[in-house]
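Working notes for the structure below.
The values are calculated or read from the model by the stated rules, or taken from the named source; none is laboratory data. As the structure is a computational prediction, the values presented were derived from the model and not from experiment. Ideal geometry is used to build each Cβ from the backbone, glycine not excepted, and the neighbour counts take in all protein chains shown.
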Amino acid sequence: MKKTALLLMAITILSKIIGFGREIVLSYYYGASNISDAYLISTTIPGVIFSFVSSGLIAGYIPMYSSIFKSENQESANNFTSNLINLLLIISLIIIGFSFIFSEAIVKLFASGFDLETFNLTVKFTRVSLFAILFSGIVSIFSGYLQLKNNYIIPAIVGFPMNFILIISIIFSKEFGNYFLAYGYILAVALQVFVMLPYMKKSDYIHKRTIKFKDEYIVKMIRMAIPIIIGVSVNQINVLVDRTIASKIVVGGISALNYADKLNGFVQGIFVLSISTALYPMISKLASDNDMCGFKKLLKEAMLGVSILVIPAMMGITIFSSEIVSVLFGRGEFDKEAIEITSSALFFYSFGMIGYGLRELLSRAFYAIQDTKTPMINATIGVVTNIILNLILSKFLGIGGLALATSISALLTTLLLIFSLKSKIDGYQIERELVTLFKIVIASLIMGFIAKILNTLLYGYLGMTLALLISIISAIIVYVVLIFFMRIAEINDIIAKAKHIFDK
C-alpha cells in the first residue's frame, strides 16, 4: 500500500506538470492568438457537447457498479458495464453526426465574437476534433472500473502519452500545418483507451456486445443521472457564456482564460484530484454500508486536507500572479499584452481556488449517497450567478471580470453545498473545523506577507525567476513552521493516518 500511495502521488504531480507543459508549448508557438483561440474552442466543443448527455451516466457508474456487485456478482456488474459502453458509443455516433452537420451554428454559440478567418478555422478544427467523443466516454468508464478494482495507477498514468502526443502535434503543426492540432487531439484521446485495455482484461473484464436499452440498472442510473445531466448542462452553459464574452473582449481572450484556468487547474489537480479520486470509491462504499459516522469523518478529513494545501497556494498565486505568468509563459509568441491579460485572469481565478477544491469533494459526497438533485440545484444557482456577474464585471475588468465571476460563483456553490450537507446528514457539524480553517488562513497571510517582502528585496539582485523561486521555497518553509507551532490537532491526526497508510 505504501508504494502504491506514494507512486500515485508522484504520478499525479508529474502528469500535471507535463500537462501544464503542454500549455506552455502552446503559448510559446501560438501565444494568445486567433489560432490558439480556434484550437481551444475546437477542443472545448466536443467535451461540452458530450458532457450534456454522458456526464451524469458516468458519475453514476461507480455507485451503481458497487450496488450491483454487492447485490449480485461480478459477472452482472461487468455485463452492466458492457451495456453502458455500447450505449454510449451509439449515443456518441449520433452526437458526432448531428454536431458535424451543424458545426457552424455550434461554433457561433461558443465564439460569436470571432472574425471570419478565425471562425472558419475553428469550424474546420471542430469537424475533426468531434470524433474524440467516441473515446471520451470509454476512458471515463474504464477509469472508474479500474479504480473500483483498486487500480489507481493506470487511470492516472494515461495522461502521460496523451500529453506527449498533444505536445508533439503542437510542435508539428507549426511546421506542417494547423490541422495537426486537431488530428493530434483525437489521437491523444484515443490512445488512453488502448493504454487501459490490457489492464481491463487483467481485472477480469470481458466486453460483451449486448445492447439493452431497457436494462433495469441502466434505467435506474438514468433516473439518478438526470439531475447530474442538468447540473452539468448549466455548467457547460457557463463555459459557453465565458468563451463567447471573452471572444468579444479581445483577440486571444479565450487563450488567456485557458492559460490562467489551466494553471489554476494544475494546482487543483495536484492538491485536490488525488484526494477526491481516492475518496469517491471509499465514501461510496461507506454510504453503501450505511456507515455514516465513517462517511462524515472521512469527508471532514479530506476537506481539511484540501484546505491545508490549497489556501496557501491560493495566497501565493494571488500575490505573485504576474510574476508566475511571466516566468512560465513569457517567451516566444507570448507577448506583453498576453502576459497582462493572462495575469489578470489568474489573479481573479485565485480567489475561488478553495471553492473549486471543496466543491469537487462535496459534490462527490452527494453522489456517493445517491443524491444528485442537491448538486444540480446548487450548480444552477451558481451558474445563474456567474452569468449575471460575467455580464457586469467584464465591462469593468475585462477578462479578469470573467475570472472573478467564476471565483465568486464557486465560493457561493461551495457554501450552499456545505449547508445542504448539514441538513441532509444528521450530526454533520463543521464548527470545530472553522477554528482550524481560521488558523490556516492566518498562517497563509503571514506566509504571503513575508514572501512578498523577500521577493521585493531579491528582485533587483537576482532577477524575476530566481527571486520568485527563492520566495516560494521560503514561503513553504514559513508556512510549515507556522502550522507546526499552531499545534492544530486535526492536522496531527491526518499526518498520523497518512503515516499509517504509507507504513502498510
Inset, instruction - Mind listing whichever residues of segment 301-328 are of a type in the set (F, W, Y) and surrounded by fewer than 22 Cβ atoms within 10 Å (Cβ to Cβ)? - result: none
Legend entry - Qualifying residue in segment 311-328 (condition: more than 27 Å from A451 (Cα to Cα) and in the same structural domain as K422 (by TED's automatic domain parsing)): no
Legend entry - Candidates L130, L121, L88, L146 - the one that is within 23 Å of the chain's Cα centre (by Cα) and under 20 Å from L181 (Cα atoms): L130
Legend entry - Residue list for segment 58-117, restricted to those being basic (K, R) and touching a residue at least 40 places away in the same chain (Cβ under 8 Å): K70
Inset, instruction - Scan segment 408-433 residue by residue and report those that are among the aliphatic types (A, V, I, L, M) and at pLDDT below 75. - result: I425, I430
Inset, instruction - Mind listing whichever residues of segment 379-394 are touching a helix residue (DSSP H, G or I) at 6+ places or on another chain (Cβ under 7 Å) and under 17 Å from R243 (Cβ atoms)? - result: V383, N386, I387, L389, N390, L393, S394
Inset, instruction - Scan segment 206-219 for residues that are part of a loop (DSSP other than H, G, I, E, B) and either touching a residue at least 24 places away in the same chain (Cβ under 8 Å) or not assigned by TED's automatic domain parsing to the domain that holds A77 (or both) and report the count. - result: 9
Inset, instruction - For S307, indicate whether it is of a type in the set (G, A, S) and closer than 30 Å to Y30 by Cβ. - result: no
Inset, instruction - Filter segment 40-61 down to residues that are of a type in the set (F, W, Y) and farther than 14 Å from A132 by Cα and give me whichever is modelled with the lowest pLDDT. - result: F52
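Condition check ((1) closer than 26 Å to E301 by Cβ; (2) among the β-branched types (V, I, T); (3) modelled with pLDDT under 90; (4) crowded, with 19+ Cβ neighbours inside 10 Å) across all residues:
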| residue | (1), (2), (3), (4) |
| --- | --- |
| F366 | yes, no, yes, yes |
| D371 | yes, no, yes, no |
| I381 | no, yes, yes, no |
| I392 | no, yes, no, no |
| L404 | no, no, no, yes |
| V435 | yes, yes, yes, no |
| A451 | no, no, no, yes |
| L469 | no, no, no, no |
Inset, instruction - Could you tell me whether E333 is on the phi < 0 side of the Ramachandran plot and in a helix (DSSP H, G or I)? - result: no
Legend entry - Among the residues listed as K124, K149, K174, the single one being basic (K, R) and modelled with pLDDT of 90 or more: K124
Legend entry - Options L437, L445, L416: the member that is among the aliphatic types (A, V, I, L, M), within 27 Å of I369 (Cα to Cα), in contact (Cβ under 8 Å) with a residue 40 or more places away in the chain and assigned to a helix (DSSP H, G or I): L437
Legend entry - Residues satisfying the stated conditions in segment 367-413, i.e. small (G, A, S) and not in a helix (DSSP H, G or I): G398
